Amino acid sequence: MIEPSGEKAQGEKLQKVIARQGLASRREAEEWISGGRVRVNGKVAHLGDRVTAEDKISVDGHKIAMVDAEETLVLVYNKPEGEVTSRKDPEGRPTVFARLPKLKSGRWVAVGRLDINTTGLLIFTTDGELANRLMHPSSQIDREYAVRVHGEVTEEMLTHLRDGVLLEDGLAKFSDIKEAGGSGSNRWFHVVLQEGRNREVRRLWESQGVTVSRLKRVRYGYMFLPSRVRLGNWEMAGQKDVNVLYEMAGMQPKTVASLTPQTREKLQRQQGKSGASKPKPSTGRTGTRASARKPAAASDERRAKPSRNPAGRKPGPSRRKP
């Protein structure tokens, strides 16, 4: 039940519970509560209210399917071109969520976004608070991309990109740039950012008078895209990799929700129906280990390997070695 503000607080703050379900960030949840959109046990909620597992929460009249606070699910997805990172698209374009396994409760939350023409690593979790922490600018978690650039690239341009370029939304730069093959006017680079502004990689290169013809995210913090996860496929993360994600976010790890063999088989059938190629059996490990660091790649990307330790820097706030 909701605890009056004058009594001993029990349960969790309402906005935190809503955020964990992946419906909104804590700040957005607070705005919903202030706007009278949230009800608990049929009564309009207020900021400061706390709830327990027995309470019934609804937003705009829609009941929230509560997720076990102590368990989580995480998966990695290899996004192909042509999909948007949103649940619904007004233009009717396919979305990344259409290929993901269906959940009985809660919903998948994407850790960051990739634009429609960018491929590669997307991380999804049922823990909205984890997703928000991993995406928050204060986390300073590295994002690494393999990028093919069309046009002449000079050392002076690379210096500008490392030092910082003033874009329309502020100063931006790559914390690291490594050459990764190619010749002439088509060269591959691996670049590292510590933020996720809209089309930032493309805009940085365009500021130097060249264009990006291919772009693929290969790493997010300590999480690499495993080569076995082909375009349009996903793989569930095991407990060790989930622990690493929570460490990156500065949170206490949660237990990976157990899946019965029947449930796993059902999820694989769903993946097959989504149009993706048949998945390989999961090893229970994603891309945080050295043996899984090469990204899945098209034939012309094979020379563009992810850097193992860009410029000697840590890929995230953790002290654990990638």
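The values are calculated or read from the model by the stated rules, or taken from the named source; none is laboratory data. Predicted model only: the values in this text are computed from it and were never measured. Note: ideal-geometry Cβ built from the backbone for every residue, glycine included; neighbour counts use all protein chains shown. Ligands, DNA and RNA are excluded from the accessible area calculation, which covers all protein heavy atoms including side chains. Shrake-Rupley method; radii C 1.70, N 1.55, O 1.52, S 1.80 Å.
Sort out which residues of the stretch 179-194 are open to solvent by 60 Å² or more (accessible area, probe 1.4 Å) and touching a residue at least 24 places away in the same chain (Cβ under 8 Å), and write them in order of number.
Initial filter on the stretch 179-194 (open to solvent by 60 Å² or more (accessible area, probe 1.4 Å)): 179, 183-184, 186.
ASN186 - this is the single residue of the stretch 179-194 that is open to solvent by 60 Å² or more (accessible area, probe 1.4 Å) and touching a residue at least 24 places away in the same chain (Cβ under 8 Å).
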Worksheet item: Is there a residue being free of Cβ contacts under 8 Å to residues at least 60 places away in the same chain and small (Gly, Ala, Ser) anywhere in the stretch 165-174?
Response: yes
Worksheet item: Of all residues in the stretch 223-254, which are in a loop (DSSP other than H, G, I, E, B) and more than 16 Å from LEU75 (Cβ to Cβ)?
Response: SER227, GLY250, MET251, GLN252, PRO253
Worksheet item: Within the stretch 21-41, restricting attention to residues that are open to solvent by less than 60 Å² (accessible area, probe 1.4 Å) and modelled with pLDDT under 90, which residue is farthest from VAL74 (Cα to Cα)?
Response: ALA29
Item to complete: Considering only the stretch 224-233, state which residues are crowded, with 24+ Cβ neighbours inside 10 Å and touching a helix residue (DSSP H, G or I) at 6+ places or on another chain (Cβ under 7 Å).
Response: PHE224, PRO226
Practice prompt. May I ask you to verify whether THR126 is surrounded by 13 or more Cβ atoms within 10 Å (Cβ to Cβ), more than 25 Å from GLU200 (Cα to Cα), out of contact with any Pro (no Cβ under 7 Å at 6 or more places or on another chain) and not aliphatic (A, V, I, L, M)?
Written response: yes
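Do we find that THR118 is closer than 27 Å to TYR246 by Cβ, touching a Phe, Trp or Tyr at 6+ places or on another chain (Cβ under 9 Å) and polar (S, T, N, Q) in this structure?
Numbers: closer than 27 Å to TYR246 by Cβ: yes; touching a Phe, Trp or Tyr at 6+ places or on another chain (Cβ under 9 Å): yes; polar (S, T, N, Q): yes.
For THR118, the condition - closer than 27 Å to TYR246 by Cβ, touching a Phe, Trp or Tyr at 6+ places or on another chain (Cβ under 9 Å) and polar (S, T, N, Q) - is met.
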Response to the item:
Restricting the stretch 195-211 to residues that are open to solvent by 10 Å² or more (accessible area, probe 1.4 Å) and more than 24 Å from the chain's Cα centre (by Cα), the one farthest from ARG133 (Cα to Cα) turns out to be GLY209
Worksheet entry | Residue that is of a type outside the set (D, E, K, R), at pLDDT 95 or above and not in a helix (DSSP H, G or I), where the choices are LEU166, LEU259, LEU171, LEU215 | LEU215
Worksheet item: Is it true that VAL218 is out of contact with any Lys or Arg (no Cβ under 6 Å at 6 or more places or on another chain) and more than 22 Å from HIS150 (Cβ to Cβ)?
Response: no
Practice prompt. Could you tell me whether any residue of the stretch 97-114 is within 27 Å of GLY209 (Cα to Cα), buried (at least 18 other Cβ atoms within 10 Å of the Cβ) and modelled with pLDDT of 90 or more?
Written response: yes
Response to the item:
Expected output for the stretch 71-95 (first residue in contact (Cβ under 8 Å) with a residue 60 or more places away in the chain, partner assigned to a loop (DSSP other than H, G, I, E, B) and of a type in the set (Val, Ile, Thr), Cβ below 6 Å, 6+ apart or cross-chain) is THR72/THR126; LEU73/THR126; VAL76/THR286; ASN78/VAL229
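With the structure loaded, tell me whether ASN132 is open to solvent by 30 Å² or more (accessible area, probe 1.4 Å), under 21 Å from ILE18 (Cβ atoms), at pLDDT below 90 and not basic (Lys, Arg) or whether it fails that test. Break it down into steps so the answer makes sense when it comes.
Working: open to solvent by 30 Å² or more (accessible area, probe 1.4 Å): yes; under 21 Å from ILE18 (Cβ atoms): yes; at pLDDT below 90: yes; not basic (Lys, Arg): yes.
Yes; evaluated as a whole, the condition is true for this residue.
Restricting the search to the stretch 229-260, which residues are of a type in the set (A, V, I, L, M) and touching a Gly at 6+ places or on another chain (Cβ under 6 Å)?
MET248
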